[in-house]
1. Find the centroid of the Cα atoms in segment 78-132 and in segment 1-53, then give the distance between the two in whole Å.
2. Identify all lysines with a Cα-Cα distance to K26 below 29 Å; exclude those on the same chain that are fewer than 8 residues away in sequence.
3. Using 7 Å Cα-to-Cβ label points, what is the F40/F88 separation (nm, one decimal)?
4. Tell me, what ³J(HN,Hα) does each residue in segment 86-93 have, in order and in whole Hz, if you take phi through Karplus 6.51 cos²θ - 1.76 cosθ + 1.60 with θ = phi - 60° and put x for Gly and Pro?
5. Please state, as a whole number in µm²/s, the translational diffusion coefficient that the Stokes-Einstein equation yields for segment 7-117 at 4 °C and 1.567 mPa s, with Rh defined as the Kirkwood radius across alpha carbon pairs.
6. L4 to E123: extension gain in nm, 0.36 nm per residue of separation minus the Cα-Cα distance?
7. I'd like to verify something in the chain: which complete DSSP H helices, judged by Cα projection on the helix axis, reach 15 Å or more and average at least -0.5 on the Kyte-Doolittle scale?
8. Along the Cα→Cβ direction, 7 angstrom out, place labels at R104 and L64. What is the inter-label distance in nm?
Amino acid sequence: SDLLRDGFGDKPLFYCLIAEVHNHQKPSGKVTVGFAMYYFTYDPWIGKLLYLEDFYVIQAYQSLGIGAEMLKRLSQIAIRSQCNCMHFLAVIWNQASIDYYTRRGALDLYSEEGWHLFRFNREELMDMAGEE
């Protein structure tokens, strides 16, 4: 219910691109093989940016251009929305993804600028919210 409310309500907090291929064995004639979840945010040094929260193509459908087409569409959305860049994360152990992104021109902000990603979990948020 959170997903439906947060992404498909009156004020969506995120947007999705869905990759589908034809499959005549399915009643809809299509099967979902990938998705990209994104939202817009703002950085005072950069300006408006598109943040790619999650990006996935089922392994059997990788290397068919589906990911490239989704990145193309995301880039078009970012440009149309007057974004200055797109940010996203890749886990350090997923070298195939890192190589894929860097081949397309993505910068590793840790290597390039020394940025680390931090997170406060709910418990820490609750602790800080209660501080006097």
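Each value in this text was obtained by applying a stated rule to the coordinates, not by laboratory testing. Owing to the predicted nature of the structure, the values given are computational and were not obtained by experimental measurement. Neighbour counts are summed over all protein chains in view; Cβ atoms, including those assigned to glycine, are modelled from backbone coordinates with ideal geometry.
1. Cα centroid of segment 78-132 versus Cα centroid of segment 1-53: 18 Å apart.
2. Straight-distance partners of K26: K72.
3. 1.9
4. Coupling constants for segment 86-93: 10, 10, 6, 10, 9, 5, 4, 7 Hz.
5. Here the translational diffusion coefficient equals 83 µm²/s.
6. So the extension gain works out to 40.3 nm.
7. 66-80
8. According to this spin-label approximation, the distance is 1.7 nm.
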